[in-house]
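Input: a single structure, listed below in structure tokens.
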Amino acid sequence: IERAGQEHFDRIVAADSRIEPRDWMPEGYRKTLTRQISQHAHSEIIGMQPEANWITRAPSLKRKAILMAKVQDEAGHGLYLYSAAETLGTPRRELNQQLLHGRAKYSSIFNYPARTWADMGAIGWLVDGAAIANQVPLCRCSYGPYGRAMVRVCKEESFHQRQGWEILHALSHGTPAQKQMAQDAVDRLYAPALMMFGPPDSDSSNSDQSMAWNIKRFSNDELRQRFVDMIVPQAEALGLTLPDPDLKWNEERGHYDFGPLDWDEFWRVVKGGGPLNAQRMQRRREAHAEGAWVREAAEAYAAKHTTTTTA
Ligand code: FAQ
């Protein structure tokens with residue numbers, strides 16, 4: 001059975017078609033997807049924190065409503081992604097335990113603080129922008145449930161990026177202090193946003209296998225380059241600068257050259273030593289504990305419903 005399964009799997013991957021939950025798949029494929037999809041889900045859920053922090057301080061009712069909708073979308077993406085991950089066989093409860101006990105990662109970017117209102121603009125423009133650049137190719141991921149989830153998630157991320165850009169545009173065309181606030185947010189979040197694409201290809205342990213399985217379609221460095229090429233003209237349109245003196249158009253390559261990133265900082269943050277890792281995890285544990293009654297009520301309801309319908 002295993003040999004027939006492997007042959008079927010190889011044929012589907014070679015044909016650039018889709019693997020579905022009931023298909024046979026190599027254990028490594030199941031494991032890497034469970035890892036990536038669940039870490040993606042954790043990122044969405046932890047990623048709600050920096051922005052949720054600003055809902056009560058949004059500068060107008062309209063801004064507040066938009067920000068609330070965005071944070072709710074992130075919760076939705078998280079739940080959607082946990083469902084996709086569960087189709088690979090690991091229950092959500094267990095995936096969540098991996099996060100709460102520090103055995104699963106989430107994106108490094110969410111360990112940085114959101115200091116001012118302009119950070120809501122920079123998060124939307126840069127963080128959601130990087131998320132889109134990374135996730136559009138994932139719509140063609142070989143695993144059906146993940147690829148399909150990405151289609152909807154990307155549509156919502158596009159709205160998120162546009163709203164961030166618009167916040168920065170308003171600030172950069174406001175008073176000198178507002179423009180400075182926008183520039184400061186971009187200065188702080190630019191490099192961490194570039195690190196969202198993961199380590200350089202030479203240090204990316206999972207890339208080769210994930211690309212062979214059609215999970216990843218482009219390498220970390222390729223997507224990072226694509227993102228830089230995309231945001232340079234957008235920064236110009238905003239009237240803001242990107243904090244990299246080496247940023248320069250390279251006619252020969254047809255891309256922007258950009259300076260080295262601080263990969264020691266990246267690994268420090270990934271391993272728990274970023275500015276807010278401890279606080280983000282503490283808040284997540286508290287939220288999980290505070291939500292216990294909802295899970296208990298849902299379970300009690302489900303049990304009652306099953307008994308009454310089967311009776
Ligand atoms: N942070 O071998 P690779 C969002 C880990 S968007 C922390 O290259 P891979 C939307 C990596 O897990 C953010 N850890 O790994 C939003 C691996 O360790 P492991 C989430 C990182 O998987 C916007 C090790 O380093 N997006 O949330 C990071 O092939 C605004 C070696 O790396 C996704 O998750 C990092 N930045 O490539 C929400 C997208 N980078 O697991 C709120 C889906 C790498 O072996 C507000 N994921 N690591 O222990 C992916 O595309 C891939 O997993 C990559 C990493 C590209 C992130």
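Each value in this text was obtained by applying a stated rule to the coordinates, not by laboratory testing. Remember, predicted model here, so these are calculated numbers, not experimental data. Positions of Cβ are generated from backbone atoms using ideal geometry, with glycine treated the same way; all protein chains shown enter the neighbour counts.
Things worth noting here:
- Set of the range 217-241 residues, backbone N closer than 14 Å to the point 7 Å along the Cα-Cβ line of R268: none
- In plain terms, the chain from S205 to Q180 could stretch by 5.1 nm, reckoned as 0.36 nm per residue minus the Cα-Cα distance.
- Residues I45, I1, I167, I132 in ascending order of nearby Cβ atoms (within 10 Å, fewest first): I1, I132, I45, I167.
- When you restrict to C-alpha pairs under 8 Å that are six or more residues apart and normalise by the size of the chain, the relative contact order lands at 18 percent.
- For the residues E20, E265, E290, a GNM of the chain with alpha-carbon springs under 10 Å puts the largest fluctuation on E290.
- With semi-axes defined as the square roots of five times the eigenvalues of the C-alpha gyration tensor, the equivalent ellipsoid of the range 29-178 measures 30, 16, 12 Å, largest first.
- Prolate/oblate/rounded call for the range 228-292, Cα gyration tensor, a/c under 1.5 rounded: prolate
- Over the chain, dividing the summed -39,500 (n - 2.57) contributions of all DSSP H runs of at least 4 residues by the number of residues returns a 222 nm mean residue ellipticity of -20500 deg cm²/dmol.
- Alpha carbon centroid spacing (whole Å) that separates the range 166-237 from the range 248-306: 17
- About the centre of its Cα atoms, the chain shows a dipole size close to 1100 debye [charges on the beta carbon of Lys, Arg (+1) and Asp, Glu (-1) only; nearest 20 debye].
- ³J(HN,Hα) computed for each position of the range 280-294 - Karplus, 6.51 cos²θ - 1.76 cosθ + 1.60, integer Hz, glycine/proline x: 4, 6, 4, 4, 5, 5, 4, 4, 5, 5, 5, x, 4, 5, 5
- For the chain, the tally of Lys pairs with Cα-Cα distances below 15 Å comes to 5, considering only residues 8 or more apart or on different chains.
- Residue exposure sequence - H305, H288 - by fewest surrounding Cβ within 10 Å: H305, H288
- GNM result for the chain, Cα springs below 10 Å: residue of Q209, Q36, Q163 fluctuating most strongly: Q209
- Summary of packing: across the peptides 138-144, 121-127, the per-residue average of other C-beta atoms within 10 Å ranks them, highest first, as 121-127, 138-144.
- Of the residues E296, E222, E86, the one that moves most in a GNM of the chain with alpha-carbon contacts below 10 Å is E296.
- The chain - Debye-derived log10 I(q)/I(0), Cα point model, q = 0.08, 0.13 Å⁻¹: -0.40, -1.01
- Efficiency of FRET from Cβ geometry, E299 and T241, R₀ 51 Å, rounded to 0.05: 0.45
- Computed from the Cα positions only, the extents of the range 93-246 along the three principal axes stand at 50, 33, 30 Å, in decreasing order.
- Contour excess over end-to-end distance, with Cα ends at C154 and A278 and 0.36 nm allotted per residue: 41.7 nm
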